[in-house]
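A.B. asks: My questions all concern the structure below.
The values are calculated or read from the model by the stated rules, or taken from the named source; none is laboratory data. In this text, all values refer to a predicted model and were calculated from it rather than measured experimentally. Ideal geometry is used to build each Cβ from the backbone, glycine not excepted, and the neighbour counts take in all protein chains shown.
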Amino acid sequence: MTERNENLKTNLFLAVFAALPLVGLASGPAYAPLLFGLTAIVTVTRGAWPAVDRRLAILAILFVALCAAELPLSIDLARSAQRVSQMAGILLGCVLLLALPKPDQVRLFPLMHLAIAVGAIVLILDTALGYPLQRLITGGAVNAAYKYNRGLISMLLISWPLLGGLDKRRAVSLAMFLTGALVAGLSTTGLVAWFGGAAIWLLARWRLAAARRLLGGAATLLALALPRLLRLASSWRMELAPHIKTSGVHRLEIWDYMSARILERPFTGWGLGAAQKVPIRPEELANYLYVSPDGVYPHNQWVEAWLETGLPGVLIGLALVWLALTRAKSPYAVAAIASALIASALNFEITTDSWWAALAASALLFQFPTRKM
């Protein structure tokens, strides 16, 4: 009976990870229920508390405790309280996901390679034919520019460990399918994260330790200097407007008033999840073309960390980055961290559960021994 149960868990693991690229493209948020559902089933049925990563668990506890301690200062207490409990559940799920027993890599990696290839082909065909599949999934609505973005970025994150574990022929084909999907899916964030990660991969192949230090140092300097840098960049938005997309001007406007609010509360923040409620001064609104009084999320997780949790939250985030870098033992792992950092600076809220699920899935896949198949 025990052997049968273990086989069932292994098959469930394989089925979930094979489903990620396909189901994730159709519905990006599906990464969270698929992965955290798998984690819950395996954790409950294994009969003993798993051996979790203590350092990751400590960082998770520190971040949740910080956000809880800052609740009295939140400008949207109900929303912040809900986001703190949500974040606690997400981080618990990630820590437990990384403690899952792993099946045979020989079965898993080729299966995921096939799933990504099929997903890429389906996406490319759907785009070429005018999104019939997207209409079917959404009941007639088409949002081509954004529909596949979340699933594509998650697909990129789980592709890096596969690229390091597959043989050269399969790795090249995976890279081609991934590039085709990102181009067809109109994912600017995904493409920037893909090519940025590839550049770091090239450096890491030459000098792994240097690549880790460079990436960590750049992330640290940019994160700590971000409020001042954004004040400077947003002051040039009118000059930059003719040369960037409308969405770029919009983000510069968002970061203009948000960086100002960061400097008003640099140590405590305004409360987790409260970014949409921070005040926008009338004199600021008078100079904006696209920002409305209703507010919006920051479109940059480091801006959000500064705005909602202050410097302590940013420092915990940087501690996570450095912990990941110290454990990155291959150019592919460093490249994955680079892609994740780029994506974090361009998309998603801190409390996006599918984002954290994809990060944890990528980290879990890197736990497999590197061997070419």
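A.B. asks: So, in the stretch 213-242, of the ones that are among the polar types (S, T, N, Q) and surrounded by 13 or more Cβ atoms within 10 Å (Cβ to Cβ), which residue ends up nearest to Pro266 (Cα to Cα)? Walk me through it before giving the result.
C.D. replies: Within the stretch 213-242, the subset among the polar types (S, T, N, Q) is 220, 234-235.
Applying the additional criterion that residues be surrounded by 13 or more Cβ atoms within 10 Å (Cβ to Cβ) yields 220, 234.
Numbers: Thr220: 16, Ser234: 19 Å.
Filtering the stretch 213-242 for residues that are among the polar types (S, T, N, Q) and surrounded by 13 or more Cβ atoms within 10 Å (Cβ to Cβ), the one nearest to Pro266 (Cα to Cα) comes out as Thr220.
A.B. asks: Right, here's the next one. Looking at (1) within 11 Å of Pro331 (Cα to Cα); (2) touching a residue at least 60 places away in the same chain (Cβ under 8 Å); (3) not polar (S, T, N, Q), which one does Leu178 not meet, given that it meets all the others?
C.D. replies: For Leu178, the failing item is (1).
A.B. asks: Additional query: One residue is enough: does the stretch 344-355 have a residue meeting the conditions among the aliphatic types (A, V, I, L, M), touching a helix residue (DSSP H, G or I) at 6+ places or on another chain (Cβ under 6 Å) and not in a loop (DSSP other than H, G, I, E, B)?
C.D. replies: Among the residues of the stretch 344-355, not one is among the aliphatic types (A, V, I, L, M), touching a helix residue (DSSP H, G or I) at 6+ places or on another chain (Cβ under 6 Å) and not in a loop (DSSP other than H, G, I, E, B), which makes the answer no.
A.B. asks: Could you check Arg79 against (1) assigned to a helix (DSSP H, G or I); (2) touching a Leu at 6+ places or on another chain (Cβ under 8 Å); (3) surrounded by fewer than 19 Cβ atoms within 10 Å (Cβ to Cβ); (4) charged (D, E, K, R) and say which number it fails?
C.D. replies: Status for Arg79: all satisfied but (2).
A.B. asks: In the stretch 320-364, what residues are β-branched (Val, Ile, Thr) and more than 18 Å from Leu208 (Cα to Cα)? Reasoning before the result, please.
C.D. replies: Just the residues of the stretch 320-364 that are β-branched (Val, Ile, Thr), to begin with: 321, 326, 334, 337, 342, 350-352.
Once the filter is applied, which keeps residues that are β-branched (Val, Ile, Thr) and more than 18 Å from Leu208 (Cα to Cα), the stretch 320-364 yields Ile342, Ile350, Thr351, Thr352.
A.B. asks: Next question, about the same structure. Got a number for residues in the stretch 44-75 being surrounded by fewer than 19 Cβ atoms within 10 Å (Cβ to Cβ) and more than 25 Å from Trp322 (Cα to Cα)?
C.D. replies: Adding up the residues that qualify gives 10.
A.B. asks: Tell me the helices (runs of 4 or more DSSP H) entirely within the stretch 171-273 that contain at least 1 residues that are of a type in the set (Val, Ile, Thr).
C.D. replies: 188-206, 208-234, 246-264
A.B. asks: A further question follows. Give the stretch 326-343 a look and list any residue that's crowded, with 20+ Cβ neighbours inside 10 Å, of a type outside the set (Val, Ile, Thr) and touching a Gly at 6+ places or on another chain (Cβ under 9 Å), or say none.
C.D. replies: Of the residues in the stretch 326-343, the ones crowded, with 20+ Cβ neighbours inside 10 Å are 328, 331-343.
After this cut, where a residue has to be of a type outside the set (Val, Ile, Thr) as well, the list is 328, 331-333, 335-336, 338-341, 343.
Once the filter is applied, which keeps residues that are crowded, with 20+ Cβ neighbours inside 10 Å, of a type outside the set (Val, Ile, Thr) and touching a Gly at 6+ places or on another chain (Cβ under 9 Å), the stretch 326-343 yields Pro331, Tyr332, Ala333, Ala335, Ala336, Ala338, Ser339, Ala340, Leu341, Ala343.
A.B. asks: In addition: Do the conditions hold for Ala51, that is, is it modelled with pLDDT under 95, of a type in the set (Gly, Ala, Ser) and either over 30 Å from Asp294 (Cβ atoms) or part of a helix (DSSP H, G or I) (or both)?
C.D. replies: So Ala51 passes the test.
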